[in-house]
1. Regarding residue 87, is this residue crowded, with 16+ Cβ neighbours inside 10 Å and under 10 Å from the mean Cα position of the chain (by Cα)?
2. Considering 26, 45, 10, which residue is touching a residue at least 12 places away in the same chain (Cβ under 8 Å), among the polar types (S, T, N, Q) and farther than 15 Å from residue 65 by Cβ?
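What follows is calculated from the coordinates using simple rules that are stated; it is not laboratory data. Just so it is clear, the model here is predicted, and its values are computed rather than measured. Cβ atoms come from the backbone with ideal geometry, glycine included; neighbour counts cover every protein chain shown.
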Amino acid sequence: MEPPKPQMVQIIENRSRVTGIVQDIQEQTELPDFVRLTVQVATVQPVTGFADLLSRQSPATAEVLARRSSLPAGLSGKRVEMTVRMAPMAKLFLQDDSIRFLDAPAR
């Protein structure tokens, strides 16, 4: 019996636009420059020109890994829009500098 042959996995460039409320921000020990955002998801939409691997899952919450250096201050509890990509093992990563607040601060 022959040993199994390694399988090639095609990487699919993908992006999804997520809106929701940042519920929690936690340090990420496996990736020291990253934090884990827990987002209560309101909507997921495709990004033009990219495959959308997240919309069909309709997640109620999403765990998004983000570079600490790309995040604005004051995210916790705020309604935001962000662009994410799905990596292997269904991990979601924030596209650097894609997050924006949806609620304008009171003046």
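1. Considered against the rule, which asks whether it is crowded, with 16+ Cβ neighbours inside 10 Å and under 10 Å from the mean Cα position of the chain (by Cα), residue 87 comes out as no.
2. 45
Condition check ((1) of a type outside the set (Ser, Thr, Tyr); (2) part of a strand (DSSP E or B)) across all residues:
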| residue | (1), (2) |
| --- | --- |
| 12 | yes, no |
| 17 | yes, yes |
| 21 | yes, yes |
| 39 | yes, yes |
| 45 | yes, yes |
| 62 | yes, yes |
| 77 | yes, no |
| 98 | no, no |
